[in-house]
């Protein structure tokens, strides 16, 4: 009996997501005449919100932010199956960004996301495919929020579901709608298969995430799998790290154990391992409260 109750939740969630799109469309149109700014990554979640917006019949434009570390299959999929999605090219490639920042992209210093993926949608009512199930951090994204540089301020709202799915982000100058925030991965896939929606072939090859290749948020196992399939990207990272070490040397910064791109790549992938004390000449990173890193 419990199984039938579980499977009955998806139609309710679809109807609620469509209702959310329609409820806030007037607000989205006030921000810009094109309506919602839908963040489209090419993954299963963005495919879902794209078709929910279509089903709702609301005005929107979909935008894919090319990061230059995207898998070739993902880029081809978007261009072929979603040609109306606008591809936004970055001012700097990942390789140029690494040299400019003079540190690799790290879990606590993901400057790459901010520069390559999060610049779009300013001054617009943005739609994302964020889901609670994806991470503990995203479980905190609930209620109607005003996000500041410090802690979120929570506001009351009469509609409980809207409180869980709408955010106000003054820091980035945009409103954010998260229509599938309470969906499970199984529900996302069932929605896609029920409506026979096109999705990236990489999911059928065992990939569960289609983010940037080498993303520091991914597990070591996933990153190894990505670089085994795309060795040209591993080589590109190593070349960028070579230039990064040169830039640090020119800037008078310590290299520590980072002798060349290969040594940086190994540290980036596997770390230093457990140790009792700092070894002389070894690289260590210290972070402030805002996640900015400095080498010691």
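Per-structure values
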| item | result |
| --- | --- |
| In segment 68-80, the residues that are crowded, with 20+ Cβ neighbours inside 10 Å and either assigned to a helix (DSSP H, G or I) or touching a strand residue (DSSP E or B) at 6+ places or on another chain (Cβ under 8 Å) (or both) | 74, 78 |
| Strands (runs of 3 or more DSSP E) enclosed by segment 81-196 - at least 1 residues per element that are modelled with pLDDT of 70 or more | 86-88, 125-127, 174-177 |
| Any hit, segment 59-67, residues being in a helix (DSSP H, G or I), buried (at least 18 other Cβ atoms within 10 Å of the Cβ) and within 23 Å of the chain's Cα centre (by Cα) | no |
| Criterion: surrounded by fewer than 18 Cβ atoms within 10 Å (Cβ to Cβ), touching a strand residue (DSSP E or B) at 6+ places or on another chain (Cβ under 7 Å) and under 14 Å from residue 127 (Cβ atoms) - qualifying residue of 88, 34 | 34 |
| Per-region count, segment 1-42, residues in a loop (DSSP other than H, G, I, E, B) and either more than 29 Å from residue 76 (Cβ to Cβ) or at pLDDT 95 or above (or both) | 9 |
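Each row is one residue, and each column tells you yes or no for (1) assigned by TED's automatic domain parsing to the domain that holds residue 52; (2) modelled with pLDDT of 95 or more; (3) surrounded by 12 or more Cβ atoms within 10 Å (Cβ to Cβ).
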site	(1), (2), (3)
211	no, no, yes
214	no, no, yes
227	no, yes, yes
240	no, yes, yes
257	no, no, yes
265	no, yes, yes
277	no, no, no
288	no, no, no
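The values are calculated or read from the model by the stated rules, or taken from the named source; none is laboratory data. This structure is a prediction, so every number in the text was calculated from the model and none was measured. Ideal geometry is used to build each Cβ from the backbone, glycine not excepted, and the neighbour counts take in all protein chains shown.
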